[in-house]
Amino acid sequence: MIDIRGLREYPALVKELLGRRGVEDSVVEELAEVDSAFRDAVSARDELRSRVNDTSRRVAEAYRNKEPVEAERLKEESRRLGVDLDRITAEAAELEKRRREIWLVIPNLPSEEAPVGAGEADNVVVRYWSSEVGSSDVAPNLEYPDFKRVPHWDIGAELDIIDLERGAKLSGSMFPLYKGLGSRLIRALTSFALDEHSDAFLEIRPPTFVKRETMVSTGHLPKFADDAYQMERDDLWAIPTAEVPLTSMARDEILEADQLPLKMTAATPCFRREAGSAGRDTRGLLRLHEFDKVELMVYSTPAQAPEMHAEILRRAEGLLRRLGLTYRVLDLCTGDLGASSRRTFDLEVYAPGVDRWLEVSSVSWFGDYQARRANVRYRTEPGGSIEFVHTLNGSALAWARVIAALLETGREADGSVTLPAVLTPYLRGVTRIQRPDSEI
RNA sequence: GGAGAGGUGCCAGAGUGGUCGAAUGGGACUCACUGCUAAUGAGUUGACCUGGGAAACUGGGUCCGAGGGUUCAAAUCCCUCCCUCUCCGCCA
């Protein structure tokens, strides 16, 4: 949720910033109007309630003074006031509900630094990286031999490590099934990433299904309900990312300043319905209903946030570098920013087989938007004031697309796939995946 | 799933209809005493909403697991739900 006091004070600025991401002024104005009406109703309600409370106190007093007639008279007066109170309380409650409804679907104010743009095409490439030239402003050479121009679904079938047909048989399309070294590869990548982050990030294994309010806290509900899997009977929701449970860990809590920044990492499956993207990128591992991911998440003070944002990005990039994959960093424009985010950098890995840049991480700074929804605050100093924390997170990394890129990048002329050396210990010495019909 | 007990402030724990935002103890903070620490004494110490004020501060309201109900009045009575603990059953 945006800061509604900020809206009261600087409505023009709020409209300007939200306008950059395509929010109509009228929506913002409606929130301001309902907010104002709500506050009027609250004042009237509280004043009346004060009178009712006072009258009740005098009832007790009258009884103590042995004045039953006076007590009856006061009771009657209080009853009469109570009728009005009920009416105006209901009005206030209705206004509060409407205010919350609008408030919840208004996205976060984008950072002043986020590039202004309408959509994907306006995202800014911050840098490229490849193992040959390292970091660079210009795109690396994307020449690859023909034997690397094979899509990963063919490689996966050839090496018998990805079985999309069987996955589809069990659960439908976009639910992959990994076999043998394919399965071990996910395990290796997960262990590798968790180990890399273990110096500074507390490892968490959160629940995979969460309550509705947990989804609301991160901004995934109510607006994006169609994107999530729901267990209707228990009203539990399958997490689309570990961001969801991690961000709610400190829900309704007040943290101490010396606990911040609080850094956590978690490996979880992620579930996405991908409603509205039917038929797009559905082949292979490009877009899935279920995939595994290691997430980084931080609660910080506002002052620490920029540094944390940079650290998460650095760590996500670090993994890609150690895996030897070519990637680029995108600064998402205001039109492409996720609803809860103030600023986001996407990491896209180059997959030569499908000849595409694949998003494998999204590193976001949410300001206090999620913290306000989840009510996560901190005490600025012992005995000091209480403020909302800032939340940040990023994938490091989402494995399915990383695996696609690894298979395509690592493919050799003989059809085998060479794996990055950093994974060797996690694969008990395996350095390449051979065709099943070749010598072992 | 069945039976029972319970959920109160940072913690422990009283409170069974009005004077209870809530006793008491602990913790934390401030001051005094002390060469330092400890000990001692005094004081302070909740969150949220809304109004006034530049601010210090201050008026009103809400909150005793959550939501509903009874009543002039609810931490206290009633209903539903959630969670925790003990026992039984089942089970990876």
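The values are calculated or read from the model by the stated rules, or taken from the named source; none is laboratory data. The model shown is predicted, which means the values in this text are computed figures rather than measured ones. Reconstructed Cβ throughout: ideal geometry from the backbone, glycine too, with neighbour counts over all protein chains shown. Just so you know, the surface numbers come from the protein's heavy atoms only, side chains and all, with ligands and any DNA or RNA stripped out. Shrake-Rupley method; radii C 1.70, N 1.55, O 1.52, S 1.80 Å.
Only a single criterion out of (1) open to solvent by 60 Å² or more (accessible area, probe 1.4 Å); (2) over 30 Å from A:Ser36 (Cα atoms); (3) of a type in the set (Val, Ile, Thr); (4) within 16 Å of RNA strand B (Cβ to nearest atom) is not satisfied by A:Val124, namely (4). Taken together, the residues in the range A:422-436 that are touching a residue at least 40 places away in the same chain (Cβ under 8 Å), under 34 Å from the mean Cα position of the chain (by Cα) and open to solvent by 40 Å² or more (accessible area, probe 1.4 Å) amount to 1. For the range A:69-87, check the following and say yes or no: at least one residue is of a type in the set (A, V, I, L, M, F, W, C), free of Cβ contacts under 8 Å to residues at least 24 places away in the same chain, within 9 Å of RNA strand B (Cβ to nearest atom) and farther than 30 Å from A:Gln370 by Cβ. Yes; the residues of the range A:69-87 include at least one that is of a type in the set (A, V, I, L, M, F, W, C), free of Cβ contacts under 8 Å to residues at least 24 places away in the same chain, within 9 Å of RNA strand B (Cβ to nearest atom) and farther than 30 Å from A:Gln370 by Cβ. Is one or more of the residues making up the range A:375-392 out of contact with any Pro (no Cβ under 6 Å at 6 or more places or on another chain), within 27 Å of A:Glu196 (Cβ to Cβ), open to solvent by less than 10 Å² (accessible area, probe 1.4 Å) and not hydrophobic (A, V, I, L, M, F, W, C)? Checked against the condition, which is being out of contact with any Pro (no Cβ under 6 Å at 6 or more places or on another chain), within 27 Å of A:Glu196 (Cβ to Cβ), open to solvent by less than 10 Å² (accessible area, probe 1.4 Å) and not hydrophobic (A, V, I, L, M, F, W, C), the range A:375-392 yields at least one hit. Contact map, the range A:22-38: residues that are acidic (Asp, Glu) paired with residues that are away from RNA strand B (no atom under 16 Å from the Cβ), Cβ distance under 7 Å, separation 6+ or inter-chain. Pairs shown: A:Asp25/A:Lys15; A:Asp25/A:Gly19.
Could you grab me the full set of residues in the range A:67-106 that are more than 41 Å from the chain's Cα centre (by Cα) and within 19 Å of A:Asp46 (Cβ to Cβ)?
Correct list: A:Glu77, A:Ser78, A:Arg80, A:Leu81, A:Gly82, A:Val83, A:Asp84, A:Leu85.
With respect to A:Arg64, is the statement that it is over 30 Å from the mean Cα position of the chain (by Cα) and either within 9 Å of RNA strand B (Cβ to nearest atom) or open to solvent by less than 40 Å² (accessible area, probe 1.4 Å) (or both) true? So A:Arg64 passes the test.
Yes/no per residue for (1) modelled with pLDDT under 95; (2) within 19 Å of A:Val294 (Cβ to Cβ):
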residue: A:Leu332; (1), (2): no, no
residue: A:Arg343; (1), (2): no, no
residue: A:Leu347; (1), (2): no, yes
residue: A:Gly353; (1), (2): no, no
residue: A:Arg377; (1), (2): yes, no
residue: A:Glu381; (1), (2): yes, no
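Selection within the range A:4-35: residues that are open to solvent by less than 60 Å² (accessible area, probe 1.4 Å) and near RNA strand B (Cβ under 8 Å from one of its atoms). The member of this set that is nearest to A:Asp368 (Cα to Cα) is A:Ile4. Kindly indicate whether A:Ala405 is buried (at least 16 other Cβ atoms within 10 Å of the Cβ), assigned by TED's automatic domain parsing to the domain that holds A:Leu185 and closer than 18 Å to A:Ile312 by Cβ. Answer is no for this residue.
Scanning the range A:104-111 for residues that are part of a helix (DSSP H, G or I), within 16 Å of RNA strand B (Cβ to nearest atom) and surrounded by 17 or more Cβ atoms within 10 Å (Cβ to Cβ) turns up nothing. Within the range A:369-386, the set of residues being of a type in the set (Gly, Ala, Ser), touching a Lys or Arg at 6+ places or on another chain (Cβ under 8 Å) and outside any helix (DSSP H, G or I) comprises A:Ser385 only.
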